[in-house]
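**Student:** Submitted below is the structure of interest, expressed as structure tokens.
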Amino acid sequence: MTITPEELAAFADAEIIGERRAQIEAAIAADPALAQQLAAHNALKAQLSAHFAPILKAPLPDRLTVPLGGHDTVISFAGARGKLAVRKSNLRWGWVVGPALAASLAIAVFLPRGSGEAAGFAGPKLALALDEQLVATQPADASTRILVSFKRPDGSYCRAFNGSAESGIACRENRGWKLIDALPGSTGARNQFNQAGSENATLLAKVQQMADGPALDSKQEAAAARDGWR
Amino acid sequence: MDLLPRLRRFAIGLAGHPFDGDDLCQMTIERALTNRAKWQEGTRLDSWMYRIMRNIWIDEARSRTRRGRTFVDEEAGFAIGSEGAQEAQVELGNVGRAMERLPDDQREAVLLVMVEGYAYKEAAEIIGCPIGTLNSRLVRGRDALLAILGDAA
């Protein structure tokens, strides 16, 4: 009796039933080579299941559960496509932001929210980070990470940041760091399936609209920090 | 929705990257909600949503390929996209890399049957191909995986 590779695979997938299944079982019992092939099939299946198993247990990102929460919040399909396109177009910032995002995996620190800062301006803790942290040298576990620094056409400096409490873009004005765009932070533990949340993509799209020229490199950034971002 | 983690697993498996997988999953949910009137009561919701998902994936893959070929060949285009993107940081592991090397049609067959546990008939219905076609894709995909993973081990 010959058993084709297709048939053995189907056997492993429990697709073959009845008499033929019994015949194949007998053939496998009599032929170590077949038994070995079957073991390989089963091992592969186990390997695949194990590989994908963590996804089933991982917490779902909000962007997947929100549309199901109520019909008011459904984002249009066209909107989603737009967002996808934006993300793809962001690759030119990838070299700056990649390391920052990778490190942001480690963040699970909660900052106290908005305590007494002037409306529209960064609070003391955020302002300190914006003043002093450099993309190149900031600690991997910083509670707020600077994603990118850039200049606006009027010459003022802006920095996009991402933190557990808030994320956004802040621009330096005389009174301090004005929050141009503030999003809720990436709260909650990040896992390997939702690092680099969509808020970063949104922010970086905004940065691209606002920026005059490319992002500051590490030298330019260090110089700007030395001069107090003016 | 209980189906969501499974849908997400399929999406990430198809796309090969968690981030792209979640994009795909999000688009699938949105399209399914928009079209929910078209789902027929009594048919399996999961198969219906998987079908939507793989159709979106194929549309996306097609436009990606077209864009890629404008400048460079397909292979190089994919490489640029995935190297430059942040999700390249995610360690895929041997299995993930092996899956990435499979052609799309074999990968989806392997995912549906070996990971999602669909019977051949159901998987063939989701893909919209005859069972024989599904069977041969599955065998080829499986042999390729065995060869790649066997080498790596």
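The values are calculated or read from the model by the stated rules, or taken from the named source; none is laboratory data. Note that the coordinates shown come from a computational prediction; the quantities given were computed from them, not determined experimentally. Neighbour counts run over all protein chains shown; Cβ positions are idealised from the backbone, glycine included.
**Student:** Anything in region A:208-224 that is buried (at least 18 other Cβ atoms within 10 Å of the Cβ) and out of contact with any helix residue (DSSP H, G or I) (no Cβ under 7 Å at 6 or more places or on another chain)? List them, or say none.
**Tutor:** A:A211, A:E221, A:A224
**Student:** Can you name the number of the only condition in (1) surrounded by fewer than 21 Cβ atoms within 10 Å (Cβ to Cβ); (2) assigned to a helix (DSSP H, G or I); (3) within 11 Å of chain A (Cβ to nearest Cβ) that B:D105 fails?
**Tutor:** Status for B:D105: all satisfied but (3).
**Student:** Check whether at least one residue in region B:80-89 is modelled with pLDDT of 85 or more, out of contact with any Ser or Thr (no Cβ under 7 Å at 6 or more places or on another chain) and of a type in the set (A, V, I, L, M, F, W, C), and report yes or no.
**Tutor:** No, every residue in region B:80-89 fails to be modelled with pLDDT of 85 or more, out of contact with any Ser or Thr (no Cβ under 7 Å at 6 or more places or on another chain) and of a type in the set (A, V, I, L, M, F, W, C).
**Student:** Here's another thing I want to ask about it. I want to confirm something. Restricting to region A:196-220 and keeping residues that are within 14 Å of another protein chain (Cβ to nearest Cβ) and touching an Asp or Glu at 6+ places or on another chain (Cβ under 8 Å), which single residue is modelled with the lowest pLDDT?
**Tutor:** It comes out as A:A196.
**Student:** If you scan region B:1-36, which residues turn out to be among the aliphatic types (A, V, I, L, M), closer than 19 Å to A:S49 by Cα and within 10 Å of the chain's Cα centre (by Cα)?
**Tutor:** If the condition is that a residue be among the aliphatic types (A, V, I, L, M), closer than 19 Å to A:S49 by Cα and within 10 Å of the chain's Cα centre (by Cα), then B:A11, B:I12, B:L14, B:A15 are the ones that fit.
**Student:** Under 9 Å by Cβ, and 6 or more places apart or on different chains, what pairs join a residue from region A:52-63 that is within 8 Å of chain B (Cβ to nearest Cβ) with one that is of a type in the set (S, T, N, Q) and assigned to a loop (DSSP other than H, G, I, E, B)?
**Tutor:** Sorted first by the residue in region A:52-63, then by its partner, the pairs are A:A58/A:N191; A:A58/A:Q192; A:A58/A:N194; A:L60/A:N194; A:P61/A:N194; A:R63/A:N194.
**Student:** Mind checking which pairs have a first residue in region A:138-159 that is on the phi > 0 side of the Ramachandran plot and a second that is of a type in the set (D, E) and in a loop (DSSP other than H, G, I, E, B), Cβ under 9 Å, 6 or more apart or different chains?
**Tutor:** Close Cβ pairs satisfying both conditions: A:G155/A:D212.
**Student:** Does region A:27-40 include one or more residues that are in a helix (DSSP H, G or I), within 20 Å of B:R142 (Cα to Cα), at pLDDT 50 or above and facing chain B (nearest Cβ under 10 Å)?
**Tutor:** Within region A:27-40, one or more residues are in a helix (DSSP H, G or I), within 20 Å of B:R142 (Cα to Cα), at pLDDT 50 or above and facing chain B (nearest Cβ under 10 Å).
**Student:** Moving to a separate point now. What number of residues within region A:2-54 satisfy the criterion of being of a type in the set (S, T, Y) and within 40 Å of the chain's Cα centre (by Cα)?
**Tutor:** Total meeting the criteria: 1.
**Student:** Out of region B:20-36, which residues are facing chain A (nearest Cβ under 7 Å) and either surrounded by fewer than 17 Cβ atoms within 10 Å (Cβ to Cβ) or touching a strand residue (DSSP E or B) at 6+ places or on another chain (Cβ under 9 Å) (or both)?
**Tutor:** Across region B:20-36, the qualifying residues are B:L33, B:T34.
**Student:** B:L111: in a helix (DSSP H, G or I), facing chain A (nearest Cβ under 9 Å) and modelled with pLDDT of 80 or more, yes or no?
**Tutor:** yes
**Student:** Now for a separate question. Restricting the search to region B:125-152, which residues are within 11 Å of chain A (Cβ to nearest Cβ), without any contact (Cβ under 8 Å) to a residue 40 or more places away in the chain and not basic (K, R)?
**Tutor:** Residues satisfying the conditions are B:I131, B:G132, B:L134, B:N135, B:S136, B:L138, B:V139, B:G141, B:D143, B:L146, B:A147, B:G150.
**Student:** For region A:141-179, which positions are part of a loop (DSSP other than H, G, I, E, B) and within 16 Å of the chain's Cα centre (by Cα)?
**Tutor:** If the condition is that a residue be part of a loop (DSSP other than H, G, I, E, B) and within 16 Å of the chain's Cα centre (by Cα), then A:S164 is the only one that fits.
**Student:** Could you tell me how many of the residues in region B:37-53 are surrounded by fewer than 19 Cβ atoms within 10 Å (Cβ to Cβ) and either at pLDDT 85 or above or under 15 Å from the mean Cα position of the chain (by Cα) (or both)?
**Tutor:** Residues flagged as surrounded by fewer than 19 Cβ atoms within 10 Å (Cβ to Cβ) and either at pLDDT 85 or above or under 15 Å from the mean Cα position of the chain (by Cα) (or both) within region B:37-53 amount to 5.
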